[in-house]
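Chemist: This is the structure, below, for whatever I ask next.
The values are calculated or read from the model by the stated rules, or taken from the named source; none is laboratory data. Only a predicted model underlies this, so the values are computations on that prediction, with no experimental measurement involved. As a convention, Cβ positions derive from the backbone with ideal geometry for all residues, glycine included, and neighbour counts pool all protein chains shown. Please note that ligands, DNA and RNA were not included when accessible areas were found on the heavy atoms of the full protein model with its side chains. Shrake-Rupley method; radii C 1.70, N 1.55, O 1.52, S 1.80 Å.
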Amino acid sequence: MNPLAFSTLGMPGAPVGDVIATASRYGCRGVELRCADGEIISPDTPTGELREVARAFAAAGVEIVAVCSYTRVARPDGDPVAEVLRHVEIAEALGSPFVRVFGGVEGQAGPAAAAIRRLAEVADRLPDNGVDVLLETHDVFLTGEAIAAVLAGVGSPRVGALWDVVNPWRAGEAAPATADALAPYLRHVQIKDAASPADLAPVLPGKGAVGVPGVLAELDRIGYSGYLALEWERVWYPDAPPVGEALAAFREVLGR
């Protein structure tokens, strides 16, 4: 069975102790830490504080699976490369193997070329510290096909894919096609469910239209052995049930 994790997106503003307690209660070996103001970590958190966070999770036997940045690597402004490398420093201090990044801005010209160029530069500048960068199926790169095209252009084992299962589905890409496209690059998976492509409010896993059991079957088919992380978007949907209810439903789906 794949190890389980969840994102702190489902526990906005929660302290370390509450996140660890939730992981323990629902049998999660890992967590994704949202890197944002008001959360356990932010882009400005000093190294000493990051190491304290790392020690707390390590003492509890909970792995920090990913640092979830909000950097859009293909966006036309700013310095996304520097932002990604800063998040890599944060992940190193936390002992986390992955930094999550997004693609670009809707409507911009040539996002794939920009993403390839920026991620190739990131790959060239990554220190030998065990931290890799994962491009999520999101925004201008919703599908596995789009992510695979970017990663093939980058051509680095230090830059892989994160499959957020809702986004290829809402773009009309079937789970077998997503799995096949991402298989050479897939390092991490975020599980969630929704009522329809036009209504992305959180639905308990297995109760929506995404077809979570089918996605799990595809992951088995391609031999994916990494984490399955529940991404419960309570930050954006504060009326959603508590993350514990979603984790219980998640475990029920996995146990079928």
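Chemist: Which of the residues belonging to region 59-101 are open to solvent by 10 Å² or more (accessible area, probe 1.4 Å) and in contact with a His (Cβ under 8 Å, 6 or more places away or on another chain)?
Modeler: Within region 59-101, just Phe98 meets the criteria.
Chemist: Limited to region 201-256, what total is found for residues that are among the charged types (D, E, K, R), surrounded by fewer than 17 Cβ atoms within 10 Å (Cβ to Cβ) and over 23 Å from Ile20 (Cβ atoms)?
Modeler: 5
Chemist: Which residue is nearest to Tyr227 (Cα to Cα), if the candidates are limited to region 102-124 and must be open to solvent by less than 30 Å² (accessible area, probe 1.4 Å) and in a loop (DSSP other than H, G, I, E, B)?
Modeler: Here the answer is Gly103.
Chemist: Next question, about the same structure. Specify the residue that is surrounded by the most Cβ atoms within 10 Å (Cβ to Cβ); the eligible residues are those in region 134-167 that are over 28 Å from Gly214 (Cβ atoms) and in contact with a helix residue (DSSP H, G or I) (Cβ under 8 Å, 6 or more places away or on another chain).
Modeler: So the residue we want is Val154.
Chemist: How about region 1-98: which strands (runs of 3 or more DSSP E) wholly inside it have at least 1 residues that are hydroxyl-bearing (Ser, Thr, Tyr), modelled with pLDDT of 95 or more and under 18 Å from the mean Cα position of the chain (by Cα)?
Modeler: Per the criteria, 4-7, 63-72.
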